[in-house]
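The values are calculated or read from the model by the stated rules, or taken from the named source; none is laboratory data. What you see is a predicted model; the values in this text were computed from it and never measured. Reconstructed Cβ throughout: ideal geometry from the backbone, glycine too, with neighbour counts over all protein chains shown. Accessible surface areas use protein heavy atoms only, side chains included; no ligands, DNA or RNA. Shrake-Rupley method; radii C 1.70, N 1.55, O 1.52, S 1.80 Å.
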Amino acid sequence: MPKHTRLCTPIQNFAKWGATPAGTVTGRTCHSVLCPAEIGQCPITDKGQTVDNSERKMVRADGSALSIIKTAVPIEFDGKRYLIESLIDNSERKKIQQQLTEANESLRKEIMGREKIQEKIQHLAFHDHLTGLANRLLFTDQLNHGIALSERNEKMLAILFLDLDGFKMINDTMGHTVGDQLLVDVSHRLLHTVRKSDVVARVGGDEFVIMIENIEEPNTIQRVAEKVLNSFREPFNLNNHNFFITTSIGVAVYPEDGENADTLVKNADIAMYKAKEKGRNQCLFCTPLMKTKALETVKLSNQLYGALDRDELELYYQPQVHCTTGRIIGLEALLRWKHPVFGMVSPAKFIPLAEQTGLIVTIGEWVLRTACQQNKAWQNAGLPRVRMAVNLSVRQFQSPDIVGLVDAILQETGLDPNDLELEITESIVMKETAHVIEMLTAFKNKGVAISIDDFGTEYSSLNYLKQLPVDKIKIAMPFVQGINVSEKDEAITKAIIVLGKSLGLRVIAEGVETKNQLSFLTQRMCDEVQGFYHYKPMPAGDVETILKKQIHVVEKYLG
C-alpha cells in the first residue's frame, strides 16, 4: 500500500446531518468532507493507530460548521482492509459543556464574593466601623493574650484608658459628622504616638484604650502617658478650623490592679474618671483608695434602687428665718437616707448617684409629694403657715410633664400653690432659655414661687436673670462663709444683695453659722437666712415642736 494512500471508505448516507442533499456527499470519503488530517498524518493509515476517536468539525454544504465526534476503526474482511467510521453530533454536548464552564465561572465568582463578604463580616466583628481600630471584643482577646505572656515573661503590662475632654460640646455644636472626623483623627494620632507593638482600640463613643506590653520599668508607663497627652497639644483641623481638645487618662497595671482583662479595664476606667474630677487633661494611676471608693459607690448605687420601697428615705427640714424678726417664714425640704448597714448616708454621696442612674426623677417626685403633704398637715394642725422650698433636679426639670406633675401633687395634697417654692440651679437656667422661661412662667401663673439656688457659683448671667420670672435668689454658702474672712467674698455677697434688691427679688443667704455673718447680712438688707446659727436640718417632729413654740411667742407678744 502506498505511503500516502488512505483507507477512507466512501460515505453511504449522510443526509441525516442537516439540510445537505444525500447526493452531494454520497460516495465521497471522510477526508474530502471532514477529516482535517494532512497527507501522512492520518491516525489510522499513516500513524498505525487501531482506533481514531477524536473531535472534528464537519463543514456543511452551506459552509456552516458542525461539531461531531468521529470514531474510525480499521478491520480486515476477505483479505481486504476496511475503515469503519461512526459520526456523533457533538453540538449539544458542546453547548452543555459551555454552560457548565460558564456555571463554574459564575460559581467561582460567587465563592470569591462570599469569601470577601465573610472577610468583611469578620473585620466588622472585631474592629470599630468608624476608625478601623480594634473594638472592645478584639481588644479583650488581645489583652487576655498579653496577660498570659506577661505572666510567663514576668513583665508588667499596662492599660491606658482615655476619654476625650469636651467631645460632647464639639458633637453638639459642630454636628456628628465633624465629631466622627475628630474620632478618626484622634485614632490616627494615637497610632502614630505609641509603638507598633502597642494595641490601640476604641471601646466607646469617645473612649479609647491602649495596651502596653513588655514593660521593664514603671517609668515607661508614665512616659507613654505623657507622650499621649502631649500629642493632643497640636490642634485638630476640622472643616478648615482648628480645634483644641484634651484627654483624661486612667492607668491600670498588671498584676497590681487586676489579674484579668475585665478588672484591669474597670480599674483604668475608675482612674480616668478621677482624672476628670481633678480637672481633666491629666493622667492618674489607679490606687487602692480609688478601688475602695468605687466599690463603695457600686454598693450604694445598688442599694439606692430599693431605698424608696424599703422606706429608708426621709425628709429633714431646715427653717428659713427672717433676718429682722427672727421668725421662721419658710422651710427647705432636704432628702436623707438612713441605711440599715451604712447608717446615715451623706446626700453628697447618694444624690449624684441618683442623678446618674435616673432614680432622681422617681425620688424627686416622692420628695415633692411628701413635702407638700407635710406642710398641709402642719397647717391642718393649726401651726403657722410657712412656705415649703423643694429642689428640682436637672433631670426633673427636663421632664416634659413637670408642670403637670407639680399641679397634680398640689391638687392631691390640697396645698395652696403660694405655700410652695421650687428651687432650681443656674445650670438649669442656662439650658434652652426659651423653654426654661416658658416652664417657669407656667409655675408662676399657678402661684408657685421660684428661687435660684447657689447663686454666683456658676454662670450668674445678668441677661437671663432679667428675663426669668424669679422671686428669690439664694447666696451660695462659700460666699457667706467668707464673711469676716475674705474681703472678696464680702464684696460678692454685698453685690448679690444689691443686685437682687434692684431687680425686686428677695435675697436669702444659706450657710449662716455665726453672729458676725448674720449681722453683716442684716445690715446690708438681706431678707432671710438659713443655717446652723439658727437651726440645723431636723425631722418633721422637731419642726412641729419649734413651730408650736413660735405660736406661743407670738401669742405672748400680742398679749
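A viscosity of 0.890 mPa s and a temperature of 25 °C, combined with the Kirkwood radius over C-alpha pairs in the Stokes-Einstein formula, give the range 145-190 a diffusion coefficient of 186 µm²/s.
Only helices enter the 222 nm calculation for the chain: every DSSP H run of n ≥ 4 contributes -39,500 (n - 2.57), and dividing by all residues gives -14500 deg cm²/dmol, rounded to 500. About the centre of its Cα atoms, the chain shows a dipole size close to 1320 debye [charges on the beta carbon of Lys, Arg (+1) and Asp, Glu (-1) only; nearest 20 debye]. Per residue, the average separation of C-alpha pairs within less than 8 Å and at least 6 apart gives the range 111-241 a relative contact order of 30 percent. Within a straight-line Cα-Cα reach of under 20 Å, K109 can be paired with the following aspartates and glutamates, leaving aside sequence neighbours fewer than 8 residues apart in one chain: E119. Its Cα gyration tensor gives the chain an equivalent ellipsoid, and the semi-axes of that ellipsoid, as √(5λ) in whole Å with the largest first, are 94, 30, 22.
In the chain, the DSSP beta bridges split such that about 70 percent are antiparallel, to the nearest 5. For the range 186-191, 3J(HN,Hα) computed residue by residue from phi via the Karplus equation (6.51, -1.76, 1.60; θ = phi - 60°) reads 4, 4, 5, 5, 5, 4 Hz, glycine and proline entered as x. A straight line joining the Cα centroids of the range 397-458 and the range 244-282 runs 39 Å.
Loop-resident chymotrypsin sites (Phe, Trp or Tyr not before Pro) (DSSP state other than H, G, I, E or B) in the range 212-249 with no more than 10 further Cβ atoms inside 10 Å of their Cβ: F244. Once the Cα atoms are used to define both axes, helix 91-126 deviates from the longest principal axis of the chain by about 20 degrees. Rounded, prolate or oblate: which fits the range 101-175, taking a ≥ b ≥ c as square roots of the Cα gyration tensor eigenvalues, rounded meaning a/c under 1.5, else prolate when a/b beats b/c? The shape class here is oblate. Averaged per residue, the range 249-330 has 51 square angstrom of accessible surface, using a 1.4 angstrom probe with ligands and nucleic acids left out. Near S248: Cβ cut-off under 10 Å, other residues only, Lys/Arg at +1 and Asp/Glu at -1. The net charge is +1. The phi torsions of the range 246-260, fed into the Karplus equation with coefficients 6.51, -1.76 and 1.60 and a -60° offset, translate into couplings of 10, 9, 10, 10, x, 10, 10, 10, 8, x, 4, 9, x, 10, 9 Hz, rounded to whole numbers, with Gly and Pro shown as x.
Restricting the trypsin sites (Lys or Arg not before Pro) of the range 186-217 to loop positions (DSSP other than H, G, I, E, B) with no more than 12 neighbouring Cβ atoms within 10 Å leaves R195, K196. Of the residues I170, Q550, V390, the one whose Cα sits farthest toward the positive end of the charge dipole of the chain, with +1 on the Cβ of Lys and Arg and -1 on the Cβ of Asp and Glu, is I170. Once the Kirkwood radius over Cα pairs is known for the range 131-239, the Stokes-Einstein relation at 37 °C and 0.692 mPa s delivers a diffusion coefficient of 221 µm²/s. Computing Rg and the Kirkwood Rh from the Cα coordinates of the range 309-394 gives a ratio, Rg/Rh, of 1.02. Note on the range 70-221: with charges restricted to the Cβ of Lys and Arg (+1) and Asp and Glu (-1), its dipole about the Cα centre is near 840 debye. Centre-to-centre, using Cα atoms only, the range 92-143 and the range 305-325 are separated by 64 Å. Over the chain, Cα pairs under 8 Å with separation of 6+ residues give a relative contact order of 8 percent. Taking the charge dipole of the chain about its Cα centre, with +1 at Lys and Arg Cβ atoms and -1 at Asp and Glu Cβ atoms, the residue from Q118, G541, Q282 reaching farthest to the positive side is Q118.
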